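As structure tokens, the structure follows; a few thoughts come after it.
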């Protein structure tokens, strides 16, 4: 049975709260789950639980810890934008590094570490995949494709620097990340030495994976994307070990 807990991860900027999900039968890897723009929501906690149910140790750090770790309503953009606007490249680098250091303390080697991020967290995950070489990374509808955010270059500019196998999952109805931008990113990641793949869902909008947002949730796309996510981790975090055995 999966067990969960609220923990703290030390950072140079103070303790960072995090939601932890531990599997009963570990698959041999640890996953960092990167929050949406709304904080470590019940949806993000559920993602961590589902990963643990599949055998992965999962931890979801609160990247808004410098602002008190708020969890914001999906329709309260007036509250979301100022909090998200305080994120910086330096702070994100600190927090991503701390999250991976936490996985290392749990006994996971870099090639047994993965990362998955949603919305804002999808962009952070892409950056993390250039910052540190780990086993695998997955982005759900991460923005900033043409124009950088949080003091970071655009995803297109970052793409040649990928150090981690990366999977991107995007909805064609996403007005903030239109298909033409996704195709530009698909072309850009070919400059990376790492394996990279992008999947587009024609009937899906931004946030299609979040069942707490009925206006945009797309069950069919979410189910396919989830299976692809698990397969990506199984291939890149377990595959080599299985072949060696």
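The values are calculated or read from the model by the stated rules, or taken from the named source; none is laboratory data. Keep in mind the model is a prediction, meaning the values are calculated, not measured. Note that each Cβ is placed from the backbone with ideal geometry, even for glycine, and that neighbours are counted across all protein chains shown.
Of all residues assigned to the stretch 40-52, none qualifies as being over 20 Å from residue 211 (Cα atoms), in contact (Cβ under 8 Å) with a residue 60 or more places away in the chain and part of a loop (DSSP other than H, G, I, E, B).
In the stretch 68-95, the residue that is nearest to residue 207 (Cα to Cα) out of those that are outside any loop (DSSP other than H, G, I, E, B), in contact (Cβ under 8 Å) with a residue 60 or more places away in the chain and touching a helix residue (DSSP H, G or I) at 6+ places or on another chain (Cβ under 9 Å) is 92. Cβ separations smaller than 6 Å between residues 6+ apart or across chains give the following pairs from the stretch 147-160 residues that are free of Cβ contacts under 8 Å to residues at least 12 places away in the same chain to residues that are surrounded by fewer than 19 Cβ atoms within 10 Å (Cβ to Cβ) and part of a loop (DSSP other than H, G, I, E, B): 154/146; 154/147; 154/148. Restrict the check to the stretch 207-218 and report whether at least one residue is over 17 Å from the mean Cα position of the chain (by Cα) and farther than 22 Å from residue 75 by Cα. There is no residue in the stretch 207-218 that is over 17 Å from the mean Cα position of the chain (by Cα) and farther than 22 Å from residue 75 by Cα.
Can you pull out every residue in the stretch 102-119 that is surrounded by fewer than 22 Cβ atoms within 10 Å (Cβ to Cβ) and in contact (Cβ under 8 Å) with a residue 12 or more places away in the chain?
Quick first cut of the stretch 102-119, residues surrounded by fewer than 22 Cβ atoms within 10 Å (Cβ to Cβ) only: 104-107, 109-111.
Scanning the stretch 102-119 gives 106, 110, 111.
One residue stands out in the stretch 174-190 among those that are assigned to a helix (DSSP H, G or I) and over 19 Å from the mean Cα position of the chain (by Cα): the one that is nearest to residue 203 (Cα to Cα), namely 179. When the stretch 147-162 is examined, which residues are found to be surrounded by fewer than 17 Cβ atoms within 10 Å (Cβ to Cβ), touching a helix residue (DSSP H, G or I) at 6+ places or on another chain (Cβ under 7 Å) and not in a loop (DSSP other than H, G, I, E, B)? Across the stretch 147-162, the qualifying residues are 160, 161. Residue 77 meets all of the listed conditions (1) at pLDDT below 95; (2) surrounded by fewer than 18 Cβ atoms within 10 Å (Cβ to Cβ); (3) over 18 Å from residue 149 (Cα atoms) but one, namely (3). Quick one: would you say residue 165 is within 23 Å of residue 112 (Cα to Cα), in contact (Cβ under 8 Å) with a residue 12 or more places away in the chain and surrounded by 14 or more Cβ atoms within 10 Å (Cβ to Cβ)? The answer is yes for residue 165. Considering only the stretch 96-143, how many residues are assigned to a helix (DSSP H, G or I) and within 11 Å of the chain's Cα centre (by Cα)? Count: 11.
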